[in-house]
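*Asks:* Dropping a structure here in structure tokens format, bear with me for questions.
The values are calculated or read from the model by the stated rules, or taken from the named source; none is laboratory data. Predicted model, so just to flag it, every value in this text is computed and none were measured. Glycine also receives a Cβ, built like all others from the backbone with ideal geometry; neighbour counts cover every protein chain displayed.
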Amino acid sequence: MTDPAITRSAAAPAHTVKSGRARDFLTIGGTAIGVLLLLALIGQTGWVAALTGSLVIALVCFGWYHGTVDSAADVEAAKQDDLAAEARRKVETERRFRIELIEALPEIAMYIDSQGKVEGANPAARKEFRFAANGPLLTAIVRRPELLAAVDTARRTKEAQSFEIVQRDQTDRHFACVASPLGLGVLLTLHDFTDIKRMELARVDFLANASHELRTPLTSLSGFIETIRGPARDDPEARDRFLEIMQGQADRMRRLISDLLSLSRIELVEHRPPEGRADIVSIVTEVREAVAPVASARGVELRITGGEAPVVVTGVRDELTQVVQNLIDNAIKYSEPGDVVDIEISSGVAAGDASRLAGRRWEEAGRMSITSAPAASNARSFAVLRVSDAGPGIERQYLPRLSERFYRVDQGRGLKPGTGLGLAIVKHVVQRHRGELLVESEPGRGSAFGVVLPQNA
């Protein structure tokens, strides 16, 4: 923007210079003519000579004025124009430098001018607030009252405003915000400290969960060690039985710690969507080969449908492998000898059909979506993975708690024990991949877990 004072200073000089020159010539010419007329009155010269001299002086002043005043005014005006142009160039250079500086900042940054318009913004800001070019009003792209109020306060008081906001989405994001006065406007920056926040929460959760869940197996191990060192010292049969139990408890602690670490790692990056590509068919094939001995030992058949061609999705292969591994492990665990675990893979499914195909196929079953539907995703098509078993099934009242940490459905129903973290891991991986996790279950018929993942954006 051009400073109005610069425009006013450029318009003033021509009139001022011209008026001053006219006043000078009138003073000199009038004085000379007055002297000639005075001499004629006192008889020192004739009237003809006095009038002729006055006419000559007037003509000389008139000619001299018009021959010199315009060029002098033009020179002065040109000088003032140069000064104004230089001032405008300086303002424009500062504006460009400000915009380039904001563009180079790695964190979200915007400059809001005195009119409340976004004069400059970097790619991170345009992506976060979803606008393409500079120029819109801040109120048109930002809906956070605390952010708008901080910008307004910083502009009025000329004091920096610091505050924090939480962006609610599929996963919460935490920002440290600063609105700093800069020139006539305000520089607004948002620093994403979600990783730090998640690390703090993950550390606290890990310590709390580990201390709680490891207490029982550690107590058992301590009791068996005392028994072996005492009453069972000379009883080989009892000692062997206790050692086998201790081995089982140690294995459970190992699985528990492994699952807790996996869950903590996933939660740390859950707010960042993956950028890689992974083939669901190859993952399912790999997992089936890995669990085939377990399924064979239990007399359970693994049947894959729809895996004839690769099904590529946007995702991290290792994390999706955990999803497939946990779902198939659970299906095998809850199946009886002679049962079949169906693994169905679909590709190129529209958003409206994906949820139905994944977890809305049994009319009498209870069902729910454990994670939010992918309606907000920019993907044009989706892949669907559905793992179903013919186990005892799960009553409706238990479905909402399936993905809670350490939650295990009533053991009296014949379901096998586990760490209680498998479905929690599945839930957080699916959330990170901006997908949907569904479950439907009918007692006496079995359970089915469906995962919907975006294929392209």
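*Asks:* Any idea which of 324, 340 is in the same structural domain as residue 403 (by TED's automatic domain parsing) and farther than 17 Å from residue 430 by Cα?
*Replies:* Result of the check over 324, 340: 340.
*Asks:* Return the residue satisfying two criteria in turn: it lies in region 235-258 and is modelled with pLDDT under 80 and loosely packed, with under 13 Cβ neighbours inside 10 Å, and of such residues it is farthest from residue 425 (Cα to Cα).
*Replies:* Per the criteria, the residue is 248.
*Asks:* Any idea which of (1) modelled with pLDDT under 75; (2) aliphatic (A, V, I, L, M); (3) closer than 24 Å to residue 144 by Cα is the one residue 201 doesn't satisfy?
*Replies:* Only one criterion in (1) modelled with pLDDT under 75; (2) aliphatic (A, V, I, L, M); (3) closer than 24 Å to residue 144 by Cα is unmet by residue 201, namely (3).
*Asks:* Across region 125-140, what is the total count of residues that are surrounded by fewer than 16 Cβ atoms within 10 Å (Cβ to Cβ), among the hydrophobic types (A, V, I, L, M, F, W, C) and part of a helix (DSSP H, G or I)?
*Replies:* 1
Conditions tested, residue by residue: (1) buried (at least 22 other Cβ atoms within 10 Å of the Cβ); (2) modelled with pLDDT of 80 or more; (3) assigned to a helix (DSSP H, G or I).
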site: 394; (1), (2), (3): yes, yes, no
site: 398; (1), (2), (3): no, yes, yes
site: 404; (1), (2), (3): no, no, no
site: 418; (1), (2), (3): no, no, no
site: 425; (1), (2), (3): yes, yes, yes
site: 430; (1), (2), (3): yes, yes, yes
site: 437; (1), (2), (3): yes, yes, no
site: 451; (1), (2), (3): yes, yes, no
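*Asks:* Which residue, of 282, 262, 296, 258, is among the small types (Gly, Ala, Ser) and within 25 Å of the chain's Cα centre (by Cα)?
*Replies:* Of 282, 262, 296, 258, the one residue that is among the small types (Gly, Ala, Ser) and within 25 Å of the chain's Cα centre (by Cα) is 262.
*Asks:* Can you confirm whether region 211-225 contains a residue that is at pLDDT below 75 and among the polar types (S, T, N, Q)?
*Replies:* Yes, region 211-225 contains a residue that is at pLDDT below 75 and among the polar types (S, T, N, Q).
*Asks:* Select from region 232-280 the residues that are acidic (Asp, Glu) and outside any helix (DSSP H, G or I) and write down the one among them that is nearest to residue 304 (Cα to Cα).
*Replies:* 279
*Asks:* Pairs only if they're at least six apart or on different chains, beta carbon under 7 angstrom, first in region 145-170 and touching a residue at least 60 places away in the same chain (Cβ under 8 Å), second assigned to a loop (DSSP other than H, G, I, E, B); list them, first residue then second.
*Replies:* Partner pairs satisfying both residue conditions: 170/372; 170/434.
*Asks:* Of all residues in region 324-346, which are of a type outside the set (A, V, I, L, M) and part of a helix (DSSP H, G or I)?
*Replies:* Matches in region 324-346: 325, 326, 329, 330, 333.
*Asks:* Just to be sure before I move on: is residue 89 modelled with pLDDT of 80 or more and outside the structural domain of residue 183 (by TED's automatic domain parsing) in the structure I sent?
*Replies:* Taking the combined requirement at face value, the residue satisfies it.
*Asks:* Hey, among 290, 309, 297, 331, which residue is out of contact with any Leu (no Cβ under 8 Å at 6 or more places or on another chain), in the same structural domain as residue 449 (by TED's automatic domain parsing), buried (at least 20 other Cβ atoms within 10 Å of the Cβ) and at pLDDT 80 or above?
*Replies:* Within the list 290, 309, 297, 331, the selection yields 331.
*Asks:* Yes or no: residue 354 assigned by TED's automatic domain parsing to the domain that holds residue 393 and among the hydrophobic types (A, V, I, L, M, F, W, C)?
*Replies:* yes
For every residue, the table says whether it meets (1) out of contact with any Lys or Arg (no Cβ under 6 Å at 6 or more places or on another chain); (2) over 18 Å from residue 420 (Cβ atoms).
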position: 214; (1), (2): yes, no
position: 217; (1), (2): no, no
position: 221; (1), (2): yes, yes
position: 226; (1), (2): yes, yes
position: 234; (1), (2): yes, yes
position: 239; (1), (2): yes, yes
position: 242; (1), (2): yes, yes
position: 245; (1), (2): yes, yes
position: 251; (1), (2): yes, no
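*Asks:* Taking residue 191 and the conditions (1) of a type outside the set (Asp, Glu); (2) touching a Ser or Thr at 6+ places or on another chain (Cβ under 8 Å); (3) touching a residue at least 24 places away in the same chain (Cβ under 8 Å), which numbered condition does it fall short on, given that it satisfies the others?
*Replies:* Going through (1) of a type outside the set (Asp, Glu); (2) touching a Ser or Thr at 6+ places or on another chain (Cβ under 8 Å); (3) touching a residue at least 24 places away in the same chain (Cβ under 8 Å) one by one, residue 191 breaks only (2).
*Asks:* Then there's this: What's the total number of residues in region 183-198 that are out of contact with any strand residue (DSSP E or B) (no Cβ under 6 Å at 6 or more places or on another chain) and buried (at least 19 other Cβ atoms within 10 Å of the Cβ)?
*Replies:* The number of residues fulfilling the criteria is 1.
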